[in-house]
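Take a look at the structure set out below.
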Amino acid sequence: MTTTVLCAPGSGARAPGARRKGAPRTRRSSALRLLVLAAALLGVLLGGAAPASAHAALTGSTPAQGSVVQSAPEQVTLTFSEGVAMDDDSVRVLDPQGKRVDRGKLRDLCSGETVKYGAGLPPGLPDGTYTVAWQAVSADSHPVSGAFTFSVGAPSETSAPLPQQEAGGGVVGALYGIARYIAYAGFVVLVGGAAFVLACRPAAARVRSVQRLVSRGWAALTAATIAMLLLRTPYTTSGDLADVFDLGGLRQVLETKPGAALVARLLLLAAAALFVAVLFGAYARAQGDEGRTGKAERAGEAEGAKEAGEATGQVQEGQRPEDANASADADPGPGTPSTPSTPDPKHRKDLTFGLAVGGTIVAVGLAATWAMAEHASTGLQTVVAMPVDALHLLAVAAWLGGLAALLVSLYKGPSVARAGVRRFSRLAFGSVLVVAATGVYQSWRQVGTWRALTDTSYGRLLLIKVALVVVLVGVAWFSRRWTARLGEGPAPEAEAAAVLESVSARAEANAEPTAAAGGADESARDIDPARAAQLARQRSALATARTKRIRDADPERSGLRRSVLAEASVAVVLLAVTTVLTSTEPARTEEAVKAVGAAGQSADANQPQVLNIPFDTGGARGKGTARVDLDPGRSGSANALHLRIADPDGRTQDIPEVKISFTLKDKKLGPLPVTLDHVSEGHWSARGVQLPVPGQWQLSLVVRTSDIDQVTETRNVKIN
């Protein structure tokens with residue numbers, strides 16, 4: 001869980017002898033170094049994420065990969081683990097010379113839960129090795145591609161060209177992955193920052209740094225969504241970056257589920273822009289002009305003395321204690337007057353309620369654009385998984401986005417009041433509980449077994465994510481300790497006042513000679529605008545340094561800032577791992593594919609090898625077909641071999657002589673002859689046929705139909 005921050009008004013000041021310029025700059029540099037380190041880790045994670053592993057997987061094909069069939073099939077079929085989007089060019093069958101031979105018309109053979117597509121082949125394909133290259137987009141928006149070969153008659157050399165990179169890889173894949181990360185980060189900052197303002201610290205609507213944070217979150221999410229929409233065509237098909245300008249491809253993308261989700265996100269972002277405008281416009285004004293303005297912070301020493309009284313919590317003459325407490329959480333707004341106003345409480349309440357309802361609707365809609373197009377939209381229990389996924393994303397945004405808003409509030413702007421931080425602590429604690437509960441469900445749904453946590457890429461990434469969450473909670477524990485120390489210790493009001501008094505005295509002493517010279521020659525000052533601008537910059541720098549010195553002098557406050565910054569840095573890396581995780585094939589799917597492959601290998605190992613070998617000796621009645629059955633077709637086993645001879649009409653017939661032998665050229669084994677026994681008309685058999693090692697054996701069949709008519713046919717047979 002995140003930190004609980006208790007910041008007393010004007011808590012802390014630096015000793016009078018401390019260096020003025022170095023400390024704020026050092027803290028800023030340290031913060032930038034931590035964020036740069038986090039960004040570097042992000043680059044490493046995203047750099048290894050391309051090409052992304054798609055969530056649909058090829059679980060089977062007919063003919064099978066690497067198989068040898070005796071005659072050309074009527075079509076090639078592909079079976080997938082989940083729904084995919086394919087068109088007529090998604091499956092290409094290439095002959096040994098690389099020429100496309102399929103009919104160019106894809107058939108949807110899906111039935112029930114089986115996802116299967118077929119590409120028709122013309123009759124009479126010659127013998128040789130054929131290549132099947134395929135490409136599709138899985139139901140959760142990720143591209144998937146691959147290639148395999150099968151042979152007709154016997155394997156041959158092939159020159160069929162294959163894609164040089166997987167779908168979703170290369171420069172386009174890297175750019176798409178970065179855009180995905182920016183979209184997640186923008187959503188978190190937009191939703192979480194707005195929730196922080198509405199639910200925890202309404203006065204933050206007037207803090208310029210918080211305004212910039214939320215506005216930039218909206219801009220980042222909008223820009224990333226547009227980039228993803230333009231990159232969809234090259235990401236899922238060509239891989240060519242120039243295709244971002246392909247309007248035809250863009251029209252096709254808009255007809256897909258991911259494209260519709262991105263368009264819906266853009267429409268919701270238009271509503272979010274109106275929400276942000278009202279939040280930092282009418283809502284900010286409704287909070288009242290309760291604080292110092294940016295201009296007042298850069299005013300002269302007289303205004304600085306007034307600010308010192310506010311910063312140290314001293315109640316001005318004629319000011320009520322409750323007004324002083326309200327000033328402690330005051331947030332500067334651009335161009336606001338320094339006198340307090342009294343906005344209508346009912347108007348403020350109605351505006352808050354309207355923003356809360358409208359913001360919730362927009363936030364839920366934005367989260368649903370991810371849930372309806374990615375992980376949760378496929379697989380088990382999609383009706384439950386999509387709402388859970390949206391709730392998970394909203395809880396993450398409230399937690400991490402609120403943490404980002406708290407961080408900028410601690411580093412820039414006035415002190416954060418105790419009540420506002422306590423409200424954020426409760427919000428963050430509830431968000432952590434929701435994240436944990438929904439995360440457990442999502443992990444079960446995508447992983448399935450304990451073994452998959454270590455045996456699959458998805459499981460290992462999930463363990464890294466869990467470890468980062470544990471680290472984040474640990475850092476938050478230290479933040480809570482800093483918070484407790486800050487709440488127990490007295491606020492250094494006297495020290496802050498002494499610092500301000502010392503700084504004011506020095507400024508007045510330096511200003512006296514200038515004022516005297518100005519009285520002696522007023523016209524000289526008027527004609528020296530450069531000097532006047534220099535003095536204005538010095539006064540502004542002095543006021544800024546004074547404000548930062550008061551805020552940064554308290555060691556508890558400094559420790560708290562460092563702890564919250566460390567939390568935010570871990571959150572940056574955590575979000576990167578989450579982005580990579582959503583682009584990785586779920587462990588449940590990977591395990592299912594492995595199981596199907598193992599079952600297929602086992603079935604192939606136990607299935608008899610059957611060869612149909614046409615022959616023609618050239619003489620009378622010299623044509624026919626020999627059927628060879630080798631059971632179980634395994635090495636090291638006593639195989640049973642059956643040979644049947646049939647004429648062109650399919651009737652069994654006897655011939656004078658038939659011989660069979662096996663040769664394994666790779667191992668220089670053979671030929672190993674098989675002794676055949678004549679069982680019945682047209683039927684020969686042999687028992688205990690031993691093939692010592694697995695491999696691609698060559699079967700040689702000698703058929704003699706007369707004293708002079710004889711032919712030898714060879715076929716390859718795979719022995720496991």
Heavy-atom SASA rank of Thr369, Thr352 (probe 1.4 Å, accessible area, largest first): Thr352, Thr369
Gained length - Ala147 relative to Trp477, 0.36 nm times residue gap less alpha-carbon distance: 113.7 nm
His678-Leu109 FRET efficiency (beta carbon distance; Förster radius 35 Å; 0.05 resolution): 0.20
Efficiency of FRET from Cβ geometry, Thr62 and Arg451, R₀ 25 Å, rounded to 0.05: 0.25
Largest-first ellipsoid semi-axes for segment 605-702, taking √(5λ) over the Cα gyration tensor eigenvalues, angstrom: 25, 14, 12
Loop-located trypsin sites (Lys or Arg not before Pro) in segment 89-119, at most 12 other Cβ atoms within 10 Å (DSSP): Lys99, Lys105
Greater than 20 Å apart at Cα, pairs in Lys99/Lys665; Lys623/Lys665; Lys668/Lys718; Lys667/Lys718: Lys99/Lys665; Lys623/Lys665
Peptide ranges 188-199, 214-225, 66-77, 621-632 listed from the most packed, as the mean C-beta count within 10 angstrom indicates: 188-199, 214-225, 621-632, 66-77
Solvent-accessible area of Trp477 with every protein chain in place, 1.4 Å probe, in Å² to the nearest 10: 140
Local electrostatic count, Lys665, Cβ distance below 15 Å [Lys/Arg +1, Asp/Glu -1]: +3
Inter-label distance for His347 and Phe429, nm, one decimal - labels placed 7 Å from Cα along Cα-to-Cβ: 3.7
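Of the peptides 256-267, 241-252, how do they stack up when ordered by the mean number of other Cβ atoms within 10 Å, highest first?
Per-residue Cβ counts within 10 Å, averaged per peptide and sorted highest first, yield 256-267, 241-252.
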Ser706-Val69 pseudo-label distance in nm [points 7 Å out on the Cα-to-Cβ vector]: 3.7
Segment 666-685 residues near the modelled Val610 label - backbone nitrogen below 18 Å, point 7 Å along Cα→Cβ: 683-685
Segments 421-429, 645-653, 699-707, 565-573 sorted - mean Cβ within 10 Å per residue, highest first: 565-573, 421-429, 699-707, 645-653
Total formal charge among the other residues, if their Cβ is under 14 angstrom from that of Val703, Lys/Arg +1 and Asp/Glu -1: 0
With DNA, RNA and ligands ignored, accessible area of Met372 (1.4 Å probe; Å², nearest 10): 100
P(r), alpha carbons of segment 119-162 - 5 Å bins starting at zero, rounded %: 5, 17, 23, 19, 15, 9, 7, 4
Label-point separation in nm, Glu713 to Ala419, each point 7 Å along Cα→Cβ: 9.4
Total formal charge among the other residues, if their Cβ is under 10 angstrom from that of Val408, Lys/Arg +1 and Asp/Glu -1: +3
Exposure ranking of Tyr283, Tyr441 by accessible area [1.4 Å probe, largest first]: Tyr441, Tyr283
Amide hydrogen neighbours beyond the local backbone of Gly66, cut-off 5 Å, H modeled: Thr149, Phe150
Gap separating the Cα centres of segment 76-143 and segment 221-250, nearest whole Å: 25
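The values are calculated or read from the model by the stated rules, or taken from the named source; none is laboratory data. Bear in mind the structure is a predicted one, so any value in this text is a computation, not a measurement. Cβ: placed from backbone, ideal geometry, glycine included. Neighbour counts: every protein chain shown. The protein model used for the area step is the full one, side chains on, heavy atoms only, and it has no ligands, DNA or RNA in it. Shrake-Rupley method; radii C 1.70, N 1.55, O 1.52, S 1.80 Å.
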